[in-house]
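Step one of this worksheet: look at the structure below.
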Amino acid sequence: MKISANRINLLNAVKTASRALSNQKEMFELNNLLLEADAGTGIITITGRDPHTQIQCRLCNEHVLEGGSMLIKPVVAEMLKLLPGETVEIGINFCNELEIRGGSCKYGIPFLDSKNFPRVKIPFPEDFICVKGINSIIKRTVFATDPQTQELHKRSLQFVKLSFANGQTTAEATNGLIAALAQSPHGSDGKLDLILHEKALGILASIVSPNDELYVGIAGNYAVFMKEDMFFSSQLYKGNYIEGSKLV
């Protein structure tokens, strides 16, 4: 692999994709980011995921001299932050390390083979709607979930229901003791219901701004949120759900 990229664009992509990482003891590959470079299309892709949620960031205006893929540690973000200059060059050095160079400075870091990374190929949704202002409505309801419950019959208490209809977005959640219901007039241009884990929604709220427009759809058992060059997906909850709105 040999690429040249805008340092800030690459830094932001690494930081965003890293939001999906969690400390996995059984699948240590998920503690790393998947870096892919396609010499044919010139696209650089950074992917981070846990067992249920995936974030993929694409850089389309960089230079891919040699393609390839590898697993890199999220500490790369700190290196990109400290390097000088507008552009960085990335390749493999004679020590078989990933070398990141900017100006007269360079870092070397070990990398892993990407062959064991559990890629999840989620198709583009056939239908999607456009929504706005989703992060604030998530923050006003996600606190009412119970992420610590271990009882199977209470698993739905870890989830938030998002409903898009009639130009309005509604979020609701309950932990069995308290319930939260929030509505946003920013709304959407279609109708859709999603039930997603509180952790996944917390990640989503952290990587989008209040004014972002997101395109949202369903592909198989996944909810998909898209904006510009960011692709966020998370598994849907399909079991019985206690609607917080009925308790308010």
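The values are calculated or read from the model by the stated rules, or taken from the named source; none is laboratory data. Remember, predicted model here, so these are calculated numbers, not experimental data. Ideal geometry is used to build each Cβ from the backbone, glycine not excepted, and the neighbour counts take in all protein chains shown. Protein only, heavy atoms only, side chains kept; ligands, DNA and RNA dropped before computing areas. Shrake-Rupley method; radii C 1.70, N 1.55, O 1.52, S 1.80 Å.
Structure data summary
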{"quantity": "Some residue of segment 130-144 being touching a helix residue (DSSP H, G or I) at 6+ places or on another chain (Cβ under 6 Å), over 30 Å from residue 179 (Cα atoms) and of a type outside the set (Asp, Glu)", "calculated": "no"}
{"quantity": "Test for residue 114: is it hydroxyl-bearing (Ser, Thr, Tyr), under 26 Å from residue 1 (Cβ atoms) and open to solvent by less than 90 Å² (accessible area, probe 1.4 Å)", "calculated": "yes"}
{"quantity": "Segment 146-191: number of residues that are within 22 Å of the chain's Cα centre (by Cα) and among the basic types (Lys, Arg)", "calculated": "1"}
{"quantity": "Enumeration of residues in segment 219-248 that are of a type in the set (Val, Ile, Thr) and at pLDDT 95 or above", "calculated": "224"}
{"quantity": "Filter pass, residue 61 being assigned to a loop (DSSP other than H, G, I, E, B), open to solvent by 30 Å² or more (accessible area, probe 1.4 Å) and closer than 22 Å to residue 231 by Cα", "calculated": "yes"}
{"quantity": "Residue among 45, 53 that alone is hydroxyl-bearing (Ser, Thr, Tyr) and in contact (Cβ under 8 Å) with a residue 24 or more places away in the chain", "calculated": "53"}
{"quantity": "Test: residue in segment 34-41 that is of a type outside the set (D, E, K, R), under 22 Å from residue 199 (Cβ atoms) and in a strand (DSSP E or B)", "calculated": "yes"}
{"quantity": "Per-region count, segment 124-161, residues open to solvent by 80 Å² or more (accessible area, probe 1.4 Å) and outside any strand (DSSP E or B)", "calculated": "12"}
{"quantity": "Subset tally (residues that are touching a residue at least 60 places away in the same chain (Cβ under 8 Å) and not in a strand (DSSP E or B)) for segment 162-189", "calculated": "2"}
{"quantity": "Residue match in segment 13-20 (condition: more than 20 Å from residue 209 (Cα to Cα) and either among the polar types (S, T, N, Q) or in contact with a Pro (Cβ under 9 Å, 6 or more places away or on another chain) (or both))", "calculated": "no"}
{"quantity": "Out of 90, 100, sole residue that is buried (at least 17 other Cβ atoms within 10 Å of the Cβ), out of contact with any helix residue (DSSP H, G or I) (no Cβ under 7 Å at 6 or more places or on another chain), modelled with pLDDT of 95 or more and of a type in the set (A, V, I, L, M, F, W, C)", "calculated": "90"}
{"quantity": "Matching residues in segment 15-33 - criterion: being farther than 17 Å from residue 233 by Cα, assigned to a helix (DSSP H, G or I) and touching a strand residue (DSSP E or B) at 6+ places or on another chain (Cβ under 7 Å)", "calculated": "29"}
{"quantity": "Residue under evaluation residue 30, criteria (1) under 14 Å from residue 112 (Cβ atoms); (2) in contact with a Ser or Thr (Cβ under 8 Å, 6 or more places away or on another chain); (3) at pLDDT 95 or above, criterion not met", "calculated": "(3)"}
{"quantity": "Enumeration of residues in segment 163-195 that are surrounded by 22 or more Cβ atoms within 10 Å (Cβ to Cβ) and over 14 Å from residue 240 (Cα atoms)", "calculated": "164, 169, 171, 172, 188"}
{"quantity": "Matching residues, segment 192-233, being under 15 Å from the mean Cα position of the chain (by Cα), part of a strand (DSSP E or B) and under 22 Å from residue 60 (Cα atoms)", "calculated": "214, 215, 216, 224, 225, 226, 227, 230, 231, 232, 233"}
{"quantity": "Residues located in segment 196-238, provided they are farther than 22 Å from residue 47 by Cβ and open to solvent by less than 40 Å² (accessible area, probe 1.4 Å)", "calculated": "198, 237"}
